[in-house]
Amino acid sequence: MPIILPKLPIAAQIKLDGIRVIDEAHYLKHKGIQIIEEDAARHQDIRPMEILLLNLMPNKQGTEEHFARVLGHTPLQVRLTLLHTGTYKSTHESPEHLSTFYKTWDEILHKQFDGMIITGAPIEFLQWNEVQYWKELCSIFDWAQQNVYSRLYLCWGAQAALQHFYGIEKFVLPEKAFGIFPHTVRDWRHPLVEGLDDEFLVPVARNTTIKTSDIEAIPELQILSESTETGLHVIQHRNGRDTYMFNHPEYTANTLNAEYTRDLGKIAQNHIPHNYFPDNDPSKKPVNRWRAHGRIFYGNWLRQMYQNTPFDLRELMTMQDDAPIGDMVEV
C-alpha cells in the first residue's frame, strides 16, 4: 500500500547526488516507494493510518525522507502529518517549508491519530529545563495519551518521555555511541520484534544513555531489544501503546557519514563510526546492512497499531490506556 504525502521538496543532499527530481513525491516513486494521490485514496475501501510526525531534528527534510521510506514500504496505507514545535522556531529550516508542510500543535489539538512518532534532537547535553520547548513537549506528551493510539518515542525523544512519565534520568556516556552495532531480542514472542534475526545490526548515534536497571525497576515497561555494547534499544509499555527506541533503524546508508563529516574536528566527537565504513576507511562508501530489519520493525509497529486502533478515532477519547492489547504476551 502507498504512503500519502504532500509534495515535499527534495533534500539538498539528494540534489548533490546528481538525481534530477521535481519534488519529493517524484523522487520517492523513483526510489521504489509507491505514492498515491489524495483523491485516489478516498476511493479505496480502507481508512489510511493517520500518523503524526513530531520532527525535532534540525535537518527536517532529511528526517522526513527517512520516515517516508520506512512507512511507505509497509502493507498499510499511511497518511503522514508533519508537526513542529510552536515555542521554538527552527533556524536550520526555511520558514516557507515549515509554513507550507508543517502544522503546529494548536492546529491539530482537536484531532486524533492512530500513531505518533516523536524524533530525537541533538540537544542531549542540555538539562531538561534548558530545552526551549520543554513545557510544550510535555504538554504534547500528555495530549497524545488521549488523542493518539500508539506513541513511538525515538532517541532523545524516548529519553525525554521516560523523564516526563517516570522521572528516569539520562546519563552522559564516556564516549559517544556511534556506528553500527549488533543487537539481540529478549522475548521473541512479542509482536513488535517478530521476524528479526537472532542478531541484527542497528545504527547508533548518541552521547547519552538510560540505565537498564532503571527500566527493570518499572514493572509495566518491557525491554524487547538491546546491545551488549551500547545498551537498550527498544522498550514497550505492556499496554502496547507506548514504545521507546533509542537508536535509528530508519537511517539511510549515508546518514552516519553526514554526521561524521559534520562533527570532524569537534572534541570527543571525532572518532570514526564503529563497524560502518568498509575497512574502517572513511574514503570508502558505506553499505546499508540494516535496511531490512528497519522495515520489519516499522512494519510491526504499524501492524500492532492497525490490529487494535479503533476505526473511528474519536473513540480514543474514551479508551482506557493501561490495559494490555489483544496480541501482547505476558512474560
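Tally the residues that are closer than 30 Å to residue 76 by Cβ, hydrophobic (A, V, I, L, M, F, W, C) and in contact with a helix residue (DSSP H, G or I) (Cβ under 7 Å, 6 or more places away or on another chain), restricting the search to region 268-301.
Qualifying residue count, region 268-301: 2.
Evaluate the following for residue 228: is it surrounded by fewer than 19 Cβ atoms within 10 Å (Cβ to Cβ) and modelled with pLDDT under 95?
Working: surrounded by fewer than 19 Cβ atoms within 10 Å (Cβ to Cβ): yes; modelled with pLDDT under 95: no.
Here the answer is no, as residue 228 does not meet what is asked.
Looking at 62, 72, which one is small (Gly, Ala, Ser) and surrounded by fewer than 21 Cβ atoms within 10 Å (Cβ to Cβ)? Break it down stepwise before answering.
Values: 72 fails: surrounded by fewer than 21 Cβ atoms within 10 Å (Cβ to Cβ).
Matching residue, one of 62, 72: 62.
Collect the residues in region 272-309 that are of a type in the set (A, V, I, L, M, F, W, C) and buried (at least 19 other Cβ atoms within 10 Å of the Cβ), keeping them in residue-number order.
Within region 272-309, the first condition is being of a type in the set (A, V, I, L, M, F, W, C), and the residues that meet it are 272, 277, 287, 290, 292, 296-297, 301-302, 305.
Listed by number, the residues that qualify are 277, 290, 296, 297, 301, 302, 305.
Looking at (1) touching a Lys or Arg at 6+ places or on another chain (Cβ under 9 Å); (2) among the aliphatic types (A, V, I, L, M); (3) buried (at least 22 other Cβ atoms within 10 Å of the Cβ), can you tell me which one residue 83 breaks?
With respect to (1) touching a Lys or Arg at 6+ places or on another chain (Cβ under 9 Å); (2) among the aliphatic types (A, V, I, L, M); (3) buried (at least 22 other Cβ atoms within 10 Å of the Cβ), residue 83 is out only on (3).
Considering 65, 107, which residue is out of contact with any helix residue (DSSP H, G or I) (no Cβ under 8 Å at 6 or more places or on another chain), within 25 Å of residue 305 (Cβ to Cβ), of a type outside the set (Gly, Ala, Ser) and in a helix (DSSP H, G or I)? First the steps, then the outcome.
Details: 65 fails: out of contact with any helix residue (DSSP H, G or I) (no Cβ under 8 Å at 6 or more places or on another chain).
Being out of contact with any helix residue (DSSP H, G or I) (no Cβ under 8 Å at 6 or more places or on another chain), within 25 Å of residue 305 (Cβ to Cβ), of a type outside the set (Gly, Ala, Ser) and in a helix (DSSP H, G or I) holds for just one of 65, 107, which is 107.
Mind telling me which of the residues 186, 206 ends up being farther than 25 Å from residue 272 by Cβ and touching a strand residue (DSSP E or B) at 6+ places or on another chain (Cβ under 6 Å)?
Numbers: 206 fails: farther than 25 Å from residue 272 by Cβ.
One residue alone meets the criteria, 186.
Within region 273-301, can you find the residues that are in contact (Cβ under 8 Å) with a residue 24 or more places away in the chain and among the aliphatic types (A, V, I, L, M)?
The answer is 287, 296.
Just wondering, is there one or more residues in region 256-263 that are hydrophobic (A, V, I, L, M, F, W, C), in contact with a His (Cβ under 9 Å, 6 or more places away or on another chain), part of a helix (DSSP H, G or I) and crowded, with 16+ Cβ neighbours inside 10 Å? Working first, answer last.
First pass over region 256-263, keeping only residues hydrophobic (A, V, I, L, M, F, W, C): 256, 258.
Still in the list and also in contact with a His (Cβ under 9 Å, 6 or more places away or on another chain): 256.
Next cut, part of a helix (DSSP H, G or I) only: 256.
If we keep only those that are crowded, with 16+ Cβ neighbours inside 10 Å too, we end up with 256.
The answer is yes; a qualifying residue exists.
For region 231-246, which positions are of a type in the set (S, T, N, Q) and crowded, with 20+ Cβ neighbours inside 10 Å?
Once the filter is applied, which keeps residues that are of a type in the set (S, T, N, Q) and crowded, with 20+ Cβ neighbours inside 10 Å, region 231-246 yields 236, 243.
Could you please find all residues in region 99-151 being under 19 Å from residue 162 (Cβ atoms), of a type in the set (Ser, Thr, Tyr) and in contact with a Ser or Thr (Cβ under 8 Å, 6 or more places away or on another chain)?
Across region 99-151, the qualifying residues are 119, 133, 150.
Determine which member of the set 190, 237 is under 24 Å from residue 298 (Cα atoms) and either among the aliphatic types (A, V, I, L, M) or within 17 Å of the chain's Cα centre (by Cα) (or both).
Working: 190 fails: either among the aliphatic types (A, V, I, L, M) or within 17 Å of the chain's Cα centre (by Cα) (or both).
Testing whether each residue is under 24 Å from residue 298 (Cα atoms) and either among the aliphatic types (A, V, I, L, M) or within 17 Å of the chain's Cα centre (by Cα) (or both) leaves just 237.
Take residue 206 and tell me if it is in contact with a Leu (Cβ under 8 Å, 6 or more places away or on another chain), closer than 25 Å to residue 259 by Cβ and of a type in the set (Lys, Arg). Explain how you work it out, then say what you get.
Details: in contact with a Leu (Cβ under 8 Å, 6 or more places away or on another chain): yes; closer than 25 Å to residue 259 by Cβ: yes; of a type in the set (Lys, Arg): yes.
For residue 206, the condition - in contact with a Leu (Cβ under 8 Å, 6 or more places away or on another chain), closer than 25 Å to residue 259 by Cβ and of a type in the set (Lys, Arg) - is met.
Among the residues of region 254-313, which ones are at pLDDT below 85 and among the aliphatic types (A, V, I, L, M)?
264, 267, 268
The values are calculated or read from the model by the stated rules, or taken from the named source; none is laboratory data. On a predicted model such as this, the values are computed, not experimentally measured, just so you know. Glycine also receives a Cβ, built like all others from the backbone with ideal geometry; neighbour counts cover every protein chain displayed.
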